[in-house]
Structure formats: C-alpha cells, structure tokens
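Inspection log for the structure reproduced underneath, given as structure tokens.
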Amino acid sequence: MSSGLPTGYWIIYSFLTLTELILQSLLEWIPIWYSVKLVFVAWLVLPQFHGAAFIYNRVVREQFKKHGVFGSSFHTKHSKPNIIQSIFHRETRDTRLTLTDAKAEEKLE
C-alpha cells in the first residue's frame with residue numbers, strides 16, 4: 001500500500017464505524033470500548049506501526065482478490081468476471097450501440 005495509505009485507512013475506519021453503529025447497543029455495555037477504539041485508530045494512523053497498511057494488505061486486499069476485483073482477465077472459463085471490468089465493458093458496449101444506432105438513423109434520413 002504505497003500511496004494508498006489514506007485510502008486503506010478510510011476503508012478500515014469506515015468498516016469500524018459501520019460495525020460500531022450496528023453493535024452500538026452491545027458496545028454500550030463494554031466500559032473500555034472508547035479506549036480500545038482510540039488505541040486501535042492510533043495504531044492504524046501512526047506511521048511507526050503501519051497498521052492501516054497491515055490490515056489492508058492482509059484482509060481487504062485478500063478479500064478483493066478472492067472475489068475477483070483484482071482479476072486480469074475479463075471472462076475465462078475458470079474465473080468469475082471482474083466486477084469493475086464488467087461495468088466498464090457494459091458502458092463501452094452501450095456506447096457503441098448508441099453510436100451505431102445514431103449512424104443508422106443518419107443513413108435512413
């Protein structure tokens with residue numbers, strides 16, 4: 001995570017905040033929750049520890065790889081389609097269809 005430290009940090013912090021919102025009623029019963037959260041966020045942010053990079057590379061990136069977000073091929077027999085490439089492929093196909101339809105209408109006139 002060379003230049004992606006802020007991105008990795010915000011991904012992890014957003015997940016922490018979402019988890020905290022979901023488990024709020026349970027976390028209210030844990031008296032040291034805010035101290036633990038403070039230490040965890042400090043560990044994520046401080047450059048001496050590289051906590052955000054560690055979690056991003058060990059957890060987030062592995063989940064992206066597992067679910068095919070970082071795949072290099074578009075559609076192969078043995079792999080799932082890459083989500084991002086599917087979206088862009090659909091957009092370019094739709095653009096080509098729109099351009100083809102416009103050219104066909106021009107020829108009819």
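The values are calculated or read from the model by the stated rules, or taken from the named source; none is laboratory data. Computed from a prediction, not measured in an experiment: that's the story for all the values here. Here the Cβ is made from the backbone with ideal geometry for all residues, glycine too, and neighbour counts use every protein chain on show.
If you go through the stretch 74-83 one residue at a time, do you hit one that is outside any loop (DSSP other than H, G, I, E, B) and at pLDDT 55 or above?
Yes, the conditions are met somewhere in the stretch 74-83.
Please identify the pairs in which a residue from the stretch 45-67 that is surrounded by 12 or more Cβ atoms within 10 Å (Cβ to Cβ) has its Cβ atom under 8 Å from the Cβ atom of a residue that is of a type in the set (S, T, N, Q) and outside any helix (DSSP H, G or I), counting only partners at least 6 apart or on another chain.
Filtered contacts from the stretch 45-67: no entries.
Of everything in the stretch 52-73 that's in a helix (DSSP H, G or I) and of a type in the set (F, W, Y), which residue is modelled with the lowest pLDDT?
Among residues in the stretch 52-73 that are in a helix (DSSP H, G or I) and of a type in the set (F, W, Y), the one modelled with the lowest pLDDT is F64.
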